[in-house]
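Have a look at the structure below, then the notes.
The values are calculated or read from the model by the stated rules, or taken from the named source; none is laboratory data. It should be emphasised that the depicted structure is a prediction, and the values quoted were computed from it without experimental measurement. Please note: Cβ atoms are built from the backbone with ideal geometry, for glycine as well, and neighbour counts cover all protein chains shown.
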Amino acid sequence: MSREENKEETRNSIIESALICFANSSIENTSMETIAKTSKISTRTIYRYFETKEAIVLNAAYLFWEKEFEIIKRKTNTKEYIKSKGIDQLAYVLGLYVDVFITNKQFLMLAQEADLFLHKKNVIYTSFTKRVSSLKKFDGPMWKAVQNGLADGSIRNDIDYELAYRTMSSGLFGIMQKLAFEYHDIHLEIVDAILQLNSYCEIMLSFFRKK
């Protein structure tokens, strides 16, 4: 393993340990010393990789979403998916994000906590901002599905589809975080949460679908 690979492994180990700490006792109540103890890495070493806890929080949220984006990209790289209409691709991708909610409710709740924590610490470039920034590159499966739908005629072309896309993606992430929090805090039934997410996806599909 090269030196750079070792550094990346250590960095990711710190982030993974931090996530465990955040889940156990909240971001606010987790110290750098606690993260060091959990990761079995000295506090001094952790500070070499991350100058502040805010930097760990930001990178932890970003790493999670990058991993999820890569999983979704792999799942949309099949012959069956590529041959399907753009509107059907969009429906499939939205369904994959519903799956993210089902399997990662705890982290989505942490993501909301991270945004609030970073805002409180005056870190403007929050995890949510990074997600939206990534989406605005217009190069992910959701955006490509919209483009494919415009090309094959399954998605309407009489709207500002860039604005509609940003609204759809931002709204989706916001609802996912809110429902994750409600599921944990007020014991929202998982079936109800999934129904709400699916309803949002159906509304978006109905808006994009060419009549």
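Remark: pairs (first residue in segment 97-118, closer than 23 Å to R74 by Cβ; second residue crowded, with 21+ Cβ neighbours inside 10 Å and of a type in the set (S, T, Y); Cβ separation under 6 Å; 6+ apart in sequence or on different chains) = A111/S127. Determine whether A91 is within 23 Å of E16 (Cβ to Cβ), of a type in the set (A, V, I, L, M), surrounded by 15 or more Cβ atoms within 10 Å (Cβ to Cβ) and touching a residue at least 40 places away in the same chain (Cβ under 8 Å). Answer is no for this residue.
Please identify the pairs in which a residue from segment 55-72 that is under 25 Å from E28 (Cα atoms) and in contact (Cβ under 8 Å) with a residue 12 or more places away in the chain has its Cβ atom under 8 Å from the Cβ atom of a residue that is of a type in the set (A, V, I, L, M, F, W, C) and not in a helix (DSSP H, G or I), counting only partners at least 6 apart or on another chain. Qualifying pairs under 8 Å: I56/F50; V57/I27; L58/V123; N59/F50.
Applying the criterion of at least 2 residues that are of a type outside the set (A, V, I, L, M) and under 22 Å from S169 (Cβ atoms) to the helices (runs of 4 or more DSSP H) found wholly in segment 1-112 leaves 53-75, 86-103.
Here is the figure for segment 120-152: residues that are closer than 19 Å to I175 by Cα and either modelled with pLDDT under 80 or among the small types (G, A, S) (or both) total 11.
Taken over segment 8-31, the residue count meeting the criterion of being surrounded by fewer than 17 Cβ atoms within 10 Å (Cβ to Cβ), of a type outside the set (G, A, S) and without any contact (Cβ under 8 Å) to a residue 24 or more places away in the chain is 6. For segment 94-117, the set of residues classified as surrounded by 20 or more Cβ atoms within 10 Å (Cβ to Cβ) and modelled with pLDDT of 95 or more consists of L94 only.
Look at (1) farther than 20 Å from Q106 by Cα; (2) at pLDDT 90 or above and you find that L195 fails only one, number (1).
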